[in-house]
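A.B. asks: Pasting in a structure now, in structure tokens, and then I'll have a few things to ask.
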Amino acid sequence: MKHHNYSIIGHRQPAVDAASKATGQAQYTVDIQLPGMLWGKILRSKYPHARILNIDTSKAEKLAGIKAVITHKDTLGKKFGFVRNTADQYPLAVDKVRYIGDEIAAVAAVAEDVAEEALALIRVDYEVLPAVFDPLEAIDPEAPLIHDGQNNISARLAWEFGNVEEGFGESDFVRQDTFYTQPVNHCPLEPHACVASFEPPDHLTVWASTQGVFYLRNQLSRTLDMPISNIRVIRPQVGGAFGGKIELFPFNVCAAILSQKTGKPVKIVCTREEVFTATRCRHPMIIHLKTGVKKDGALVAVQARIILDGGAYNSTGPVATYLAGAFLCLPLKARNIKYEGFRVYTNKPVCGAQRGHAVPQIRFAIESQLDIIAETLGLDPIELHLKNAVQTGDVTLNKQVITSCGFSECLEKIKAQRSPALPEGKGIGFATCAFVSGATYHLFFTTEAFANAIIQANEDGTVSLITGVADIGQGSDTVLAMITAEELGIGVKDIKLITADTDLTPYDWGSGSSRVTYQAGNATKMAAAQVKKLLLEAVSHELDVYPEELVARDGRIFVRDRPEKGISFAEAVSLAQKSTGGEPIIGQGEFQPQEAKVNLQSGEGNTSPAYSFGAQLAQVEIDKELGKVKVTKMVVAHDCGLAINPMAIEGQIEGSIAMGHGQALYEELIQEKGQTLNADFINYRLPTARDVPEVETMLVESVDPGGPYGAKESGEGIIVSTIPAIANAISNATGGRIHSLPLTPEKLLKALEQKTK
Amino acid sequence: MTHQIELIINGEHYELMVKANKTLLELLREDLDLTGTKMGCGTGDCGACTVLLDNRPVNACLVLAVEARGKEIVTIEGLAQGETLHPLQQAFIDHGAVQCGFCTPGMILTAKALLDNNPNPTEPMIRRAIAGNICRCTGYTKIVKAIMAVASR
């Protein structure tokens, strides 16, 4: 990799919070202990679909140690949802429950076991209703209705660019398949949790394991009908999220109401079973995919009809439905594209955002089918991708603007890594990805800003970086500290971070859609540049040179051509403050994307200000007798724009591959009549250190013109290509093709059996 | 039913009254404010609550506090010597083995137990040793490298 002559950027930087985490000092929401704090617990539905006839809380209220019991009557009955105009979930069920796990009542008690005991004393009279679990049955007009409305379709998006029928007519080869993906959980190691403390008459403080403090504040404000300025949301350290902590959850609202009722702080920590069944999971999809190509592999037409199994509520459903369609082709170009996506309600746990948000599912289908097509036509799949690869300057059919693209370079790098002949039982698989670097539009249609940062220089030579960004463990605080340090020529250790507190920090959307490095990074760089300008001006007067002649580096501000002539950063701050009569040295920066319009109905619009690209090779070893698959190695080439912290980017890629490995091969929530049967780590297996493959990462730097120092996404894209790379490797090794995730030994043996018939 | 127990935690001697059904994890986190030990599942499946009990790694959520009577416990808070971090802590930081950090305390203590027992383990031995500690963030690559870096010293 190039080194660009930066002193901080591009160097391997240990995370700014790693020491506090490695010594046990870091405080997470679950660690918060306040005087008089009560434990909250949630009573959940045991039926997948039922009318609530009566809730009797009298016995629970009499239990010693119980301080409050609440039902929907204690709420304002306001619906909430990730996308404002499709809000459909109540904090506590009003008349109906729609899945096993739906919230009915909440209690606050002096101890956790007392709260649990109280739940058992609440009597709920249900009228059990017919339930529907299969999305194909739910879509039937005769199916039991889960919400008020005409049918169980929670979102439908459809569009066509070009004319696919003509495209299929022009094609030399047309292939049609149906693919299926499974529900999986994020499994952050820290369970979802919050502490709410209501201070009379009207102020609420919430500590939450969340991906975005301002988004949570906004949602709490609407659900509790409180002004945003009366609510303070603070993010302590977050023990992993992966998209699963991006939303408001009923337990957040319940904790707030319980605190108001009792006058005490209330803590609610989800059990692992609740995390599995009553937070969110990845949307399972049924993907009907038809692709037409020329003999030489040129993509002519792609048509996809997708049914997303949404579970009981909307959550991020409309966004997931959009993204699945928006990423139908990227990183490849097709001349004609048609998309129809239905998101369907079922009486099952709710599906929402998860690392890659709807793109891994669609890419599993497309990359599997392209592999089939390449094999059928005798083409090299990498050459097929090179032929159709998107390039810098392209605008896709749905108006995604490609400002920088190292995709072809990724493909060439991967091609060079491919080993020629493989022995029996071994195989390699190839797949690609593209992903957003944040959104260009507000998913929830609010008027808030995107990203802001304030930097104040201190006369001891340090600076305070103040931003609403919520690091969820991916290392975004470190990236922002590196940007600040690079711009001001000081060390990362000199940056004091004040983050993710709605009362103290300026607005930031949070950690979602892989946006922080690009968007908050730009805001931070702008704020630092302002501080630098103030300092250089003051120093230029002192040294009698022009500001343009000065350089800030290694803790000093000095004349470029005479490095000995200069002063320390700390002296420069004092000097600047003196010269302005004591004004603080403050810079502020913001980021707003250029194009703010994506039309969900037409499918047109630039999803993101910049796109990442990647390609990877999976190597597998197969035991054909048992159908067992061992992924031995993963080689990745990823265009991240510019690697601000290469060590953190490797960490994101290695983490994406481990998660993708589990979701490709064995992770699956087993649901039977709406009941999750494996809501624990023994029966829902996660990859361990013994399962994951060796990873070799090659970074491609396309230097995006809009990214800070050229940086783009790195946290999500690679899970997208991991899953199909493994699927294609299995097929390469055995000749067996599996159309549904996870790729279990049972399915592989079945596929091999069919092949030999 | 309450019991009096004596035990040593991070080198300090404690005499405590504990309920019979209190777990070692609850004792550490709630009574002694040693919140560096985490709870990821409460059923002994994830390893986030790993502490050393007489130098052996255990899931503190599966050990009753009364079972720790007379034993020596080491938690993550007991590893550093003043300002000087334990070599494993420093290696985890330097190698980028810490992301969200929720598995980190348990992971480091499991690794410590391994290296105390066998200062020169092979990579497969390291992977086997930490197979009971789940990490969802890192893919384990940098964790294994950090442990190997300390092992090879």
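The values are calculated or read from the model by the stated rules, or taken from the named source; none is laboratory data. Predicted, not measured: the structure shown is a model, and the values here were computed from it. Backbone-built Cβ (ideal geometry, glycine too); neighbour counts: all protein chains shown.
A.B. asks: Can you tell me which residue among A:A727, A:A733 is over 24 Å from the mean Cα position of the chain (by Cα) and hydrophobic (A, V, I, L, M, F, W, C)?
C.D. replies: A:A733
A.B. asks: Checking the structure you have, find out if any residue of segment B:48-71 is basic (K, R), assigned to a loop (DSSP other than H, G, I, E, B) and within 12 Å of chain A (Cβ to nearest Cβ).
C.D. replies: No: zero hits.
A.B. asks: Among the residues of segment A:318-333, are any of a type in the set (F, W, Y) and not in a loop (DSSP other than H, G, I, E, B)?
C.D. replies: yes
A.B. asks: On to the next question. Please note which strands (runs of 3 or more DSSP E) are completely contained in segment A:108-180 and include at least 2 residues that are in contact with a helix residue (DSSP H, G or I) (Cβ under 9 Å, 6 or more places away or on another chain) and either free of Cβ contacts under 8 Å to residues at least 24 places away in the same chain or surrounded by 18 or more Cβ atoms within 10 Å (Cβ to Cβ) (or both).
C.D. replies: A:153-161
A.B. asks: Only one of these conditions is not met by B:P121: (1) more than 7 Å from chain A (Cβ to nearest Cβ); (2) more than 12 Å from the chain's Cα centre (by Cα); (3) not in a loop (DSSP other than H, G, I, E, B). Which number is it?
C.D. replies: (3) is the only condition that B:P121 fails.
A.B. asks: Please name all residue pairs, on different chains or six or more residues apart, with Cβ atoms under 9 Å, provided the first residue is in segment A:681-692 and is facing chain B (nearest Cβ under 7 Å) and touching a residue at least 24 places away in the same chain (Cβ under 8 Å) and the second residue is surrounded by fewer than 22 Cβ atoms within 10 Å (Cβ to Cβ) and acidic (D, E).
C.D. replies: A:F681/B:D45
Yes/no per residue for (1) in contact (Cβ under 8 Å) with a residue 24 or more places away in the chain; (2) assigned to a strand (DSSP E or B); (3) over 28 Å from the mean Cα position of the chain (by Cα); (4) crowded, with 16+ Cβ neighbours inside 10 Å:
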site	(1), (2), (3), (4)
A:Q369	yes, no, no, yes
A:E383	yes, no, yes, no
A:N398	yes, no, no, yes
A:P420	no, no, yes, no
A:G429	yes, yes, no, yes
A:G438	yes, no, no, yes
A:G461	yes, no, yes, yes
A:I472	yes, no, no, yes
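A.B. asks: Every residue in segment B:87-115 that is within 15 Å of B:S152 (Cβ to Cβ) and outside any helix (DSSP H, G or I), please.
C.D. replies: Across segment B:87-115, the qualifying residue is only B:H95.
A.B. asks: Hey, any hits in segment A:529-544 for a residue that's surrounded by fewer than 24 Cβ atoms within 10 Å (Cβ to Cβ), under 20 Å from the mean Cα position of the chain (by Cα) and more than 14 Å from chain B (Cβ to nearest Cβ)?
C.D. replies: No; the residues of segment A:529-544 include none that is surrounded by fewer than 24 Cβ atoms within 10 Å (Cβ to Cβ), under 20 Å from the mean Cα position of the chain (by Cα) and more than 14 Å from chain B (Cβ to nearest Cβ).
A.B. asks: Can you tell me which condition A:S464 does not meet? The list is (1) modelled with pLDDT of 95 or more; (2) assigned by TED's automatic domain parsing to the domain that holds A:Q619, and all the others hold.
C.D. replies: For A:S464, the failing item is (2).
A.B. asks: Identify, from the list A:I66, A:I52, the residue that is under 12 Å from A:L119 (Cα atoms) and touching a residue at least 24 places away in the same chain (Cβ under 8 Å).
C.D. replies: From the options A:I66, A:I52, the qualifying one is A:I66.
A.B. asks: Could you give me the residue pairs with C-beta distances under 9 Å whose first residue belongs to segment A:745-756 and is under 11 Å from A:T734 (Cα atoms), whose second residue is loosely packed, with under 10 Cβ neighbours inside 10 Å wherever it lies, and which are 6+ apart or on separate chains?
C.D. replies: A:L749/A:E625
A.B. asks: Another question about this same structure. Just one of A:V195, A:V238, A:V206 is surrounded by 24 or more Cβ atoms within 10 Å (Cβ to Cβ), under 20 Å from the mean Cα position of the chain (by Cα) and hydrophobic (A, V, I, L, M, F, W, C); which is it?
C.D. replies: Matching residue, one of A:V195, A:V238, A:V206: A:V238.
A.B. asks: In segment B:124-153, what residues are surrounded by fewer than 15 Cβ atoms within 10 Å (Cβ to Cβ) and under 13 Å from A:D691 (Cα atoms)?
C.D. replies: B:P124
A.B. asks: Filter segment A:1-42 for residues that are buried (at least 16 other Cβ atoms within 10 Å of the Cβ), assigned to a loop (DSSP other than H, G, I, E, B), away from chain B (no Cβ under 12 Å) and of a type in the set (A, V, I, L, M) and give the result.
C.D. replies: Correct list: A:I8, A:I9.
A.B. asks: Pull out all pairs, ordered by first then second residue, where Cβ-Cβ is under 9 Å, the residues are six or more apart or on different chains, the first lies in segment B:115-134 and is touching a residue at least 40 places away in the same chain (Cβ under 8 Å), and the second is surrounded by 15 or more Cβ atoms within 10 Å (Cβ to Cβ) and among the acidic types (D, E).
C.D. replies: Correct list of pairs: B:G132/B:D45; B:I134/B:D45.
A.B. asks: Would you point out the residue of segment A:583-626, among those that are of a type in the set (S, T, N, Q) and part of a strand (DSSP E or B), that is farthest from A:F342 (Cα to Cα)?
C.D. replies: It comes out as A:Q588.
A.B. asks: Any idea which of A:L504, A:L497, A:L488 is surrounded by 24 or more Cβ atoms within 10 Å (Cβ to Cβ) and either assigned by TED's automatic domain parsing to the domain that holds A:T580 or not basic (K, R) (or both)? First the steps, then the outcome.
C.D. replies: Numbers: A:L504 fails: surrounded by 24 or more Cβ atoms within 10 Å (Cβ to Cβ); A:L497 fails: surrounded by 24 or more Cβ atoms within 10 Å (Cβ to Cβ).
After applying the criteria, what remains is A:L488.
A.B. asks: Quick check: is even one residue across segment A:701-718 under 21 Å from the mean Cα position of the chain (by Cα), of a type outside the set (S, T, Y) and under 20 Å from A:R418 (Cα atoms)?
C.D. replies: yes
A.B. asks: Considering only residues that are within 14 Å of chain B (Cβ to nearest Cβ) and in a helix (DSSP H, G or I), which ones fall in segment A:241-276?
C.D. replies: If the condition is that a residue be within 14 Å of chain B (Cβ to nearest Cβ) and in a helix (DSSP H, G or I), then A:R272, A:E273, A:E274, A:V275, A:F276 are the ones that fit.
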